[in-house]
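Structure record follows, encoded as structure tokens.
The values are calculated or read from the model by the stated rules, or taken from the named source; none is laboratory data. No experiment lies behind these values; they were computed from the predicted model shown. Neighbour counts are summed over all protein chains in view; Cβ atoms, including those assigned to glycine, are modelled from backbone coordinates with ideal geometry.
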Amino acid sequence: MKKVMGVLIGIIFLLGGISFAHVGRTYYIPQVPPGHQIVIDAEDDDWAWMDPAYVIDRKYLTDDITGEMPPVDDWDGFIMLAWTPPPDNMIYYFSRVKDDVFQIGGKAYPQDDYLEFGLDANNDGGNFRKGVVNGGPAYQAAHHPGPTVAFEGYGGPGKGWMVNTHPVEQRWVLQEPWWVCAAKYPDEPGTRDVVLVYEGKFALWDRVDYAGPDASERHINAAGQTIGMAIRWGDSDEKGVRDNEISIGPKDTWQNWTDADYFNDLILLPYEAPAVEPSSWGAIKASFR
Ligand SMILES: [Ca+2]
Ligand SMILES: [Ca+2]
Ligand SMILES: [Ca+2]
Ligand SMILES: [Ca+2]
């Protein structure tokens, strides 16, 4: 990933896109090949085009409280991200996690196994819990495998549940068609040695209004843009305990649940013809089976 950084920084300065630097790291999001459809079904057969260089796996991950990654037999996982320009204008994700104990239904947030995003589409940072709309200038969205006890969500069996800790008026961002999700997970909490799968797509919003999408500002995705994002996985193994909080950002960026200054820079790459042997993708998939 490092080898492309110099070239990209050059491109970004040419586009004049950067006015704000995060505490977090820099990652790259490739464009979905034009004409290709990613189906939100928790199956990865529609991600075979992905260059493994852009898969965010444990090489890049850190527990954002302890600074240490849990051992592979406690938690292992990766996420792939992709973007589309208008008219689709969405961000796509696929994550597979291996976990020693599946846990869901903790009495307080967050005591589940889950995948969470912080999204600052126009990348201007700042505290997004203050001001006129809590979750307006940036927002949180978490994909849980099942319903949480603590918060009402949107989803169902086979989809998982989208939840956040913003006021209920803000949560339309979690609903179809603005967020579409699918998930695979065991039926019962306490199941051992599980594989959890999260796939989804979502619209980005530069400004969210309580009144809904027509009163809000949809972000228009374009190559060269930097999107502010936090991504983390919760790992609960013992019921009622959060054991690990695994992040794409460094240690001590856990404040990203409230402040977008602690997000990471995710740069939307222009479409490139694939330069990867299909066998490389096979090796990555095999390592998570
Ligand atoms: Ca799929
Ligand atoms: Ca675990
Ligand atoms: Ca913002
Ligand atoms: Ca777990």
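Below are the figures for this structure:
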{"read-out": "Candidate set from the range 230-244 (those that are closer than 16 Å to Lys98 by Cα and in a strand (DSSP E or B)); member that is farthest from ligand 1 (Cβ to nearest atom)", "value": "Asn244"}
{"read-out": "Condition check for Leu115: within 16 Å of ligand 1 (Cβ to nearest atom), closer than 19 Å to Gly228 by Cβ and either touching a residue at least 24 places away in the same chain (Cβ under 8 Å) or touching a strand residue (DSSP E or B) at 6+ places or on another chain (Cβ under 7 Å) (or both)", "value": "yes"}
{"read-out": "Any chance Gln170 is more than 16 Å from ligand 4 (Cβ to nearest atom) and farther than 26 Å from Ile38 by Cβ", "value": "yes"}
{"read-out": "Tally, over the range 115-132, of residues that are at pLDDT below 95 and either among the aliphatic types (A, V, I, L, M) or buried (at least 21 other Cβ atoms within 10 Å of the Cβ) (or both)", "value": "1"}
{"read-out": "Subset of the range 102-141 [away from ligand 4 (no atom under 15 Å from the Cβ) and closer than 19 Å to Lys239 by Cβ]", "value": "Lys107, Ala108, Tyr109"}
{"read-out": "Residues of the range 189-210 satisfying the condition of being surrounded by fewer than 20 Cβ atoms within 10 Å (Cβ to Cβ) and either free of Cβ contacts under 8 Å to residues at least 24 places away in the same chain or basic (Lys, Arg) (or both)", "value": "Arg192, Arg207"}
{"read-out": "Residue in the range 215-225 that is at pLDDT 95 or above, among the charged types (D, E, K, R) and within 16 Å of ligand 4 (Cβ to nearest atom) present", "value": "no"}
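This table checks each residue for (1) closer than 22 Å to Pro70 by Cα; (2) within 16 Å of ligand 2 (Cβ to nearest atom); (3) in a loop (DSSP other than H, G, I, E, B).
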{"site": "Phe94", "(1), (2), (3)": "yes, no, no"}
{"site": "Lys98", "(1), (2), (3)": "yes, yes, no"}
{"site": "Leu119", "(1), (2), (3)": "no, no, no"}
{"site": "Asp124", "(1), (2), (3)": "no, no, yes"}
{"site": "Val132", "(1), (2), (3)": "no, no, yes"}
